[in-house]
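Asks: This is the structure I want to talk about, given as structure tokens.
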């Protein structure tokens with residue numbers, strides 16, 4: 001069964017610089033292999049268990065925080081997490097988005 | 001020669017610490033080397049043991065009559081795994097072929113030197129905590145961070161926002177100062193206490209650079225990250241002299257009238273830090289001379305002031321700096337006047 005296309009919107013904050021960066025992509029506009037890589041990765045992420053847990057890295061400073069929105073027809077999921085809590089399955093998704101990221105104006 | 005450290009350890013960290021603290025010199029040195037070379041879990045446990053089991057009122061010198069840093073640098077080889085990578089340089093070893101390794105090692109040394117020689121603080125925890133650097137972390141990683149467990153991670157940058165982050169001695173000082181704050185005021189990383197946390201790291205970051213270069217307040221650039229920003233953030237990441245003017249994206253306020261209310265970045269911890277940063281700059285340049293002397297000492301007193309607690313706001317901290325000035329130099333001293341001028345410049349009423 002073909003996977004459902006989706007839009008992704010990412011906002012990265014924090015880090016040493018503290019300057020927000022934003023990125024978006026639409027899997028319909030990507031090369032087939034990159035779209036497939038993203039869709040497959042998202043198939044394996046349990047979004048219900050992706051969360052920003054302050055206790056997970058209590059003394060960490062200057063790490064990145066991510067706000068990721070996943071828009072499908074009729075449904076939008078939004079997750080927030082620290083880079084130290086990023087599920088491994090999400091890494092290729094974040095990498096694809098960050099290649100397109102720009103400083104927020 | 002490089003080797004990967006063992007994931008499991010036979011000698012308990014408590015024993016190593018006891019040897020390090022009380023053993024013969026050669027045994028102490030060996031124990032300290034082992035403490036410095038161990039795995040993530042070991043170092044984390046040592047940190048906890050050191051912090052809780054060895055807590056004398058005065059610094060404990062772990063390595064003889066003169067305190068010294070205990071540095072280990074690991075090469076992460078662009079991996080984003082947080083386990084220690086390949087050991088490439090430990091304390092006392094000659095320089096490696098990799099400039100990032102040597103920059104981290106030297107930057108740790110410069111930071112240790114400022115805190116020991118000026119403030120009589122023996123490393124991050126004042127107990128001789130080993131300084132562990134992880135270089136080449138991640139692929140084109142645009143950041144450096146302190147993990148709260150005695151490790152500092154350095155990316156190589158993407159060449160646009162940042163270049164190799166080990167090049168900046170002030171950034172190294174900034175990250176290690178987060179550790180010092182963690183072991184002193186332990187300021188919560190949110191809102192005003194979080195912005196103070198960031199500002200203290202910027203202040204001690206520039207002091208590390210000024211002390212290493214022998215620059216007076218008038219000679220210093222008062223910039224953060226000038227050696228590591230890429231073209232998008234040129235000429236610097238932040239400015240204590242002119243918050244908001246460091247680069248085209250710099251949105252730091254320079255006074256309380258422009259305090260930024262935001263839900264992002266812990267309530268703008270990297271933004272509103274411009275306010276106390278500028279107060280320090282005005283204090284230091286008003287006094288003149290070396291900023292690590294009276295100004296640095298007053299700020300160092302403030303992070304250890306019992307009235308400064310984890311949720312302290314700018315005003316509480318400002319009062320602590322004034323209290324230090326009055327106690328050390330006198331209520332009507334030039335130093336106390338300079339502290340008042342510093343906070344007045346950022347429109348914070350003491």
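Residues checked against (1) modelled with pLDDT of 90 or more; (2) surrounded by fewer than 12 Cβ atoms within 10 Å (Cβ to Cβ); (3) outside any helix (DSSP H, G or I); (4) within 11 Å of chain B (Cβ to nearest Cβ):
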site	(1), (2), (3), (4)
A:33	yes, yes, no, no
A:40	yes, no, no, no
A:52	no, no, yes, no
A:65	yes, no, yes, yes
A:70	yes, no, yes, no
A:77	yes, no, yes, no
A:93	yes, no, no, no
A:100	yes, no, yes, no
A:105	no, yes, yes, yes
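Asks: A follow-up question, please. Within the range B:89-105, is even one residue surrounded by 24 or more Cβ atoms within 10 Å (Cβ to Cβ), in contact (Cβ under 8 Å) with a residue 24 or more places away in the chain and closer than 18 Å to residue B:76 by Cβ? Give the steps one after another, and end with the answer.
Replies: The initial filter retains those residues of the range B:89-105 that are surrounded by 24 or more Cβ atoms within 10 Å (Cβ to Cβ), namely B:104-105.
Subset that is in contact (Cβ under 8 Å) with a residue 24 or more places away in the chain: B:104-105.
Right, trim to closer than 18 Å to residue B:76 by Cβ and you get B:104-105.
Checking the range B:89-105: at least one residue is surrounded by 24 or more Cβ atoms within 10 Å (Cβ to Cβ), in contact (Cβ under 8 Å) with a residue 24 or more places away in the chain and closer than 18 Å to residue B:76 by Cβ.
Asks: Considering only the range B:130-180, how many residues are within 9 Å of chain A (Cβ to nearest Cβ) and part of a helix (DSSP H, G or I)?
Replies: Within the range B:130-180, residues that are within 9 Å of chain A (Cβ to nearest Cβ) and part of a helix (DSSP H, G or I) number 6.
Asks: Failed condition for residue A:61, given (1) at the interface with chain B (Cβ under 9 Å from one of its Cβ atoms); (2) surrounded by fewer than 18 Cβ atoms within 10 Å (Cβ to Cβ); (3) over 14 Å from the mean Cα position of the chain (by Cα); (4) free of Cβ contacts under 8 Å to residues at least 24 places away in the same chain, with all others met?
Replies: The failed condition is (2).
Asks: Does any residue of the range B:107-122 turn out to be surrounded by 19 or more Cβ atoms within 10 Å (Cβ to Cβ), part of a strand (DSSP E or B) and at pLDDT 95 or above?
Replies: No, the range B:107-122 has no match at all.
Asks: Next question. Return yes when residue B:285 is in contact with a helix residue (DSSP H, G or I) (Cβ under 8 Å, 6 or more places away or on another chain) and either more than 25 Å from residue B:117 (Cα to Cα) or in the same structural domain as residue B:221 (by TED's automatic domain parsing) (or both) and no when it is not.
Replies: Numbers: in contact with a helix residue (DSSP H, G or I) (Cβ under 8 Å, 6 or more places away or on another chain): no; either more than 25 Å from residue B:117 (Cα to Cα) or in the same structural domain as residue B:221 (by TED's automatic domain parsing) (or both): yes.
For residue B:285, the condition - in contact with a helix residue (DSSP H, G or I) (Cβ under 8 Å, 6 or more places away or on another chain) and either more than 25 Å from residue B:117 (Cα to Cα) or in the same structural domain as residue B:221 (by TED's automatic domain parsing) (or both) - is not met.
Every residue, every condition in (1) in contact with a helix residue (DSSP H, G or I) (Cβ under 9 Å, 6 or more places away or on another chain); (2) more than 25 Å from residue A:58 (Cβ to Cβ), yes or no:
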| position | (1), (2) |
| --- | --- |
| B:196 | yes, no |
| B:209 | yes, yes |
| B:229 | no, yes |
| B:246 | yes, yes |
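Every residue, every condition in (1) surrounded by fewer than 24 Cβ atoms within 10 Å (Cβ to Cβ); (2) touching a strand residue (DSSP E or B) at 6+ places or on another chain (Cβ under 7 Å); (3) farther than 20 Å from residue A:82 by Cα; (4) in the same structural domain as residue B:73 (by TED's automatic domain parsing), yes or no:
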site: B:125; (1), (2), (3), (4): yes, no, yes, yes
site: B:154; (1), (2), (3), (4): no, yes, no, yes
site: B:160; (1), (2), (3), (4): yes, no, yes, yes
site: B:176; (1), (2), (3), (4): no, yes, yes, no
site: B:184; (1), (2), (3), (4): yes, no, yes, no
site: B:195; (1), (2), (3), (4): no, no, no, no
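Asks: What is the residue count in the range A:5-29 for residues that are in contact with a helix residue (DSSP H, G or I) (Cβ under 7 Å, 6 or more places away or on another chain) and more than 14 Å from chain B (Cβ to nearest Cβ)?
Replies: 5
The values are calculated or read from the model by the stated rules, or taken from the named source; none is laboratory data. Because the structure is predicted, anything quoted here is derived from the model rather than measured. Cβ coordinates were reconstructed from backbone atoms using ideal geometry, including for glycine residues, and neighbour counts include every protein chain displayed.
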